[in-house]
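The values are calculated or read from the model by the stated rules, or taken from the named source; none is laboratory data. These figures come from a predicted structure and were not determined experimentally. Note that we place each Cβ from the backbone using ideal geometry, even for glycine, and neighbour counts take in every protein chain shown. To get the accessible areas, we keep the full protein, side chains included, count just its heavy atoms, and leave off ligands, DNA and RNA. Shrake-Rupley method; radii C 1.70, N 1.55, O 1.52, S 1.80 Å.
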Amino acid sequence: MSFKQVFKAKLSWLLKEESTFATAKKYTKSHSVVIEGKELLHVSAAKAFKGDPSLYNPEDLLLSSVVSCHMMSYLYVCQQNGIEILSYQDDAEATLEVLDTGGGRFIEVRLFPTVIVKEKEQIDLAIHLHVEANRLCFIANSCNFPIVHQASCEAI
């Protein structure tokens, strides 16, 4: 059975009080996003794009979405295959290509999941299930760039 789920976000940005359109050399990039029932999210552009480096930026959030969704999909397929996961870590990275025109796009995300399973005999299957997790991941299915997995797994 298929269904649709709607997600909503409210974005708020204001011109700084000390600035006017005539005097501002550039607009501040900092703003807030509200998602009902959740804490206020303060966002800016990445430092490379003259944003506030202490705040999350859309690029951080996109990468966080990919790595989080993959992990949740992976835990699901491991559960379906009877694999007990004891630990999951990932040091993901994304490559953004910026063009001379000022536009750009992500060209690749690399995931480096390190998984610890309970049973040594399940290591090979646990590594292979990253492919299935990627196939199920809502965010990965919405991306137009490759998501590469360089997984490792061990048992304790």
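Here the dipole of region 1-106 is about 540 debye; that uses its Cα centre as origin and unit charges on the Cβ of Lys and Arg (positive) and Asp and Glu (negative).
Springs join every pair of Cα atoms under 10 Å in this Gaussian network model of the chain, and among 84, 93, 39 the largest mean-square fluctuation is at 39.
Which shape class applies to region 40-156: rounded if a/c is under 1.5, otherwise prolate when a/b exceeds b/c and oblate if not, where a ≥ b ≥ c are the square roots of the Cα gyration tensor eigenvalues? It comes out prolate by the Cα gyration axes. With unit charges on the beta carbon (Lys/Arg positive, Asp/Glu negative), name the residue among 58, 141, 116 whose Cα is farthest towards the positive pole of the charge dipole of the chain. The residue sitting most towards the positive pole is 58. Note that region 106-116 has calculated 3J(HN,Hα) couplings of 6, 10, 5, 10, 10, 9, 10, x, 10, 10, 10 Hz, one per residue in order, obtained from phi through the Karplus relation 6.51 cos²θ - 1.76 cosθ + 1.60 (θ = phi - 60°); glycine and proline are x.
Out of residues 5 or more away from residue 155 or on other chains, whose amide H comes under 5 Å of its own, with H placed 1.01 Å from N in the peptide plane? Hits under the 5 Å cutoff: 117.
Using the Cβ-Cβ distance between residue 15 and residue 79 with R0 = 41 Å, the FRET efficiency computed as 1/(1 + (r/R0)^6) comes to roughly 0.25. Put a dot 7 Å past the Cα of residue 121, heading toward its Cβ, do the same for residue 156, and the two dots end up 2.2 nm apart. Between helix 123-136 and the chain there is an angle of about 40 degrees, using the helix long axis and the longest principal axis of the Cα atoms.
Write down the percent of antiparallel bridges among all DSSP beta bridges whose residues are both part of the chain, to the nearest 5.
Of those bridges, close to 70 percent are antiparallel.
The amide H of residue 92, built 1.01 Å from its N in the peptide plane, has 112 as neighbours under 5 Å, considering only residues 5 or more places off or on other chains.
For every other residue with a beta carbon closer than 15 angstrom to the beta carbon of residue 60, add +1 if it is Lys or Arg and -1 if Asp or Glu, then tell me the sum.
-3
Taking the Cβ-Cβ separation of residue 29 and residue 4 as r and a Förster radius of 35 Å, what is the calculated FRET efficiency to the nearest 0.05? With R0 = 35 Å, the Cβ-Cβ based efficiency is 0.65.
For the chain, the carbon plus sulfur part of the accessible surface works out to 55%, probe radius 1.4 Å. On a per residue basis, the chain carries 73 Å² of accessible surface, using protein heavy atoms and a 1.4 Å probe. Using the Cβ-Cβ distance between residue 132 and residue 39 with R0 set to 35 Å, the FRET efficiency works out to roughly 0.60.
Shown in residue order for region 144-156 are the 3J(HN,Hα) couplings computed by the Karplus curve 6.51 cos²θ - 1.76 cosθ + 1.60 at θ = phi - 60°: 10, 9, x, 10, 9, 10, 10, 8, 10, 8, 9, 10, 10 Hz (x for Gly and Pro). Between helix 58-80 and the chain there is an angle of about 20 degrees, using the helix long axis and the longest principal axis of the Cα atoms. Using just the helices of the chain, give the 222 nm mean residue ellipticity in deg cm²/dmol: DSSP H runs with n ≥ 4 each add -39,500 (n - 2.57), and the total is spread over all residues, rounded to 500. The per-residue figure over the chain is -8000 deg cm²/dmol.
The packing ranking of peptides 94-103, 120-129, highest mean first, is 120-129, 94-103, where packing means the average number of other beta carbon atoms within 10 angstrom of each residue.
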